[in-house]
1. Set the Förster distance to 41 Å, then compute FRET efficiency between B:Ala484 and B:Ser433 from the Cβ-Cβ distance, nearest 0.05.
2. Skipping prolines and chain starts, which residues have an amide H placed within reach, meaning under 5 Å, of the one on B:Ala365, given they are 5 or more residues away or on another chain?
3. Which values of log₁₀ I(q)/I(0), to two decimal places, follow from the Debye formula for chain A at q = 0.09, 0.10, 0.14, 0.15 Å⁻¹ with a uniform point scatterer at every Cα?
4. Amide H neighbours of B:Asp127 under 5 Å, counting only residues 5+ apart in sequence or on other chains, H built in-plane at 1.01 Å?
5. Can you grab the distance from the C-alpha centre of the range B:465-489 to the C-alpha centre of the range B:239-264, Å, no decimals?
6. Which whole-Hz couplings ³J(HN,Hα) result when phi for each residue of the range B:128-133 is put into the Karplus expression 6.51 cos²θ - 1.76 cosθ + 1.60, θ = phi - 60°, listed in order with x for Gly and Pro?
7. Take B:Lys397, B:Lys194 and order them by how many other Cβ atoms sit within 10 Å, fewest up front.
8. Working only with C-alpha atoms, what are the Rg and Dmax values of the protein assembly as shown, expressed in angstrom?
Amino acid sequence: MEYLVASAIGLTTAVGVYLVLRPHSFPVVIGMALLSYAVNLFIFAMGRLVVHQPPVLQPEATGYADPLPQALVLTAIVISFGMTALFVVLAMRGYLESGSDRVDGRGRRTPPAVEETR
Amino acid sequence: MTGWIVLPIVLPAAVAAFLLLALSRDLQRQRIVSATASLLLLAIAVHLQALASDGVTRPYFVGAWPAPFGITLVLDGLSATLVLLNAALAAAVVIYAAGGWDARGRHFHPMFHFLMMGVNGAFLTGDVFNLFVFFEVMLIASYGLMLHGGGAPRLRAGFHYVAINLTGSTLFLFAVSLIYAVTGTLNMADLAVKIPAVRPEDAALLRTGGLLLIVVFAIKAALAPLHWWLPNAYAAAPGPSAAVFMIMTKIGAYAILRVSTLIFGPEAGAVAGLAAPWILPAALLTLGIGAAGVLAGRRLVDIACFAALWSMGSLLVAVGLLDGPGISAALYYTVHSTLAGAALFLLADLVAERRGRWRDRLAMAPPIAQALPLSAMFFVAAIAVAGLPPLSGFLGKVLILDAARASAWGVWVWAVLLGTSLVVILGFSRAGSALFWKTRPAEAGAAGAAEARAGLRLGVVGVLLGATLLLSVFAGPLTRGFDAVAAQVLAPSGYVAAVLGGAPAAPGMRR
């Protein structure tokens, strides 16, 4: 299970980094979302991968699942969800006001014909 | 009583919510409430400063949960000084913004107070994860403030600003979870206790986490080569927002200082002095880039941005020394560069709105209205920022140079800091003569008439510049105070004992 989780996190992060470096706003938004999923899984895994264990210490329990990373993940999810929403709105407003979804500083104006076909 | 410690976070949060829910359509009342709340925050910060001036570290346990488990806020000399600086800057900027900027978009004042909540929380928290949370509160509010007023150039710069900060937040979470995985705690005092006992086979993971954390703080502090976001973002932001953002880069420097002394200090075993080899060279590079930008800037606001970058370089040189005189000089320079830099951004805003279509470009334009007070203020601000005698920038620079003498990098610090100062002076003289002297006759019916309420805003800039004057007049007592703060910061055992050991019994949060 460790290998599966670790490679999944690694792959998601790699795809996220690649997409964040793209020159258009939509891939950047998706890349950010993937990065935030990867980091959420990462925090979760840092509490150790434990199954079928109670999240609190009990006298009769043989082990426990660390509850703190779960609380941290919850906070991180809420924040990244809000941030992604804001980021989408910003990308949309930027596209509507400047007529281009490029974010690398090039091609600031799309020809009107291209704009109309969208 | 230590219940005061939570007020700089709770008050702005309550005020922001109240402004948003009750007064969202009534700008005039928003201004009154917002300005009153800012002055109240200033009074609270003064009280906290008085409380902290006895050199005792005071923890506050939210909900009376004991230290490693609950949310801990910690008031010591360092956090009290920075909260007071933030409150003073906030009061000035809110009054400036009430002179017209807050009417160019919605919700300026609520976002401003949410920003205050995040900034004060970041200074006061004693927990790395809550530092992340308060960073996010601050950043969300700063996105709103940066985009205030809208427009395509601002949106484009805003997208980049949000993207770099989201990436920074992701790295922050990676760093925090790596540190948690190794130590099992995120409370800073508890980390200071547990890190020296980390097993050698886990040290590499801890180093990775620690260095990632420093990278995140370096992004916030605009330390080269992670500084490229700053000039674009601050130049596109509205004047008052850029002025209040001057405190946000300082949070990065504060966080670097806090974790390098408390968590990765000399006692930290395998990770002792983790960031020390990187900060000073990077800060010298920042100085060079900042000075080059000041010289190359084509608008006053660009020059103000790169001057802010340059001042972050000087500040981080002092932080990078990581000894008593260095930290003391860094604190003095922090106060100076925040106030003087904010004044410069506000001046750029005032100049830009008076020059019609020329804005603040360094090009020939008709003479501006109120040229005399504005040019006098620019002269004072330029002297303060560039660090010429007699103002506080000069004293701050002398303190940094004096502190650097003992360092192995001393020669480099002297050469780069003094060399780039000369370049910055050249940049400012070029800007001043282009803006105020090289004028051409006004066109018939030209724009550039001053707005009615400019007197108040000029007054605010005057007060900020007056503060730098006071900083230099009272430099003696101030540096003695900062020396005491530096000694406190360099003795983390007091911090640890206050948070973990001296934890008072349950509901007694007051001493």
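1. Here the calculated transfer efficiency is 0.40.
2. So B:Ala365 has HN proximity to B:Arg440.
3. Those come out to -0.39, -0.46, -0.72, -0.78, one per q.
4. B:Met188
5. Centre-to-centre (Cα) distance: 18 Å.
6. Ordered by residue, 3J(HN,Hα) equals 5, 5, 5, 4, 4, 4 Hz.
7. Fewest to most other Cβ atoms nearby, the residues stand as B:Lys194, B:Lys397.
8. Cα radius of gyration and Dmax of the protein assembly as shown are 24.4, 90 Å respectively.
Every number here is computed from the coordinates shown, using simple stated rules; none is lab data. Remember, it's a predicted structure, so these values are computed and weren't measured experimentally. Reconstructed Cβ throughout: ideal geometry from the backbone, glycine too, with neighbour counts over all protein chains shown.
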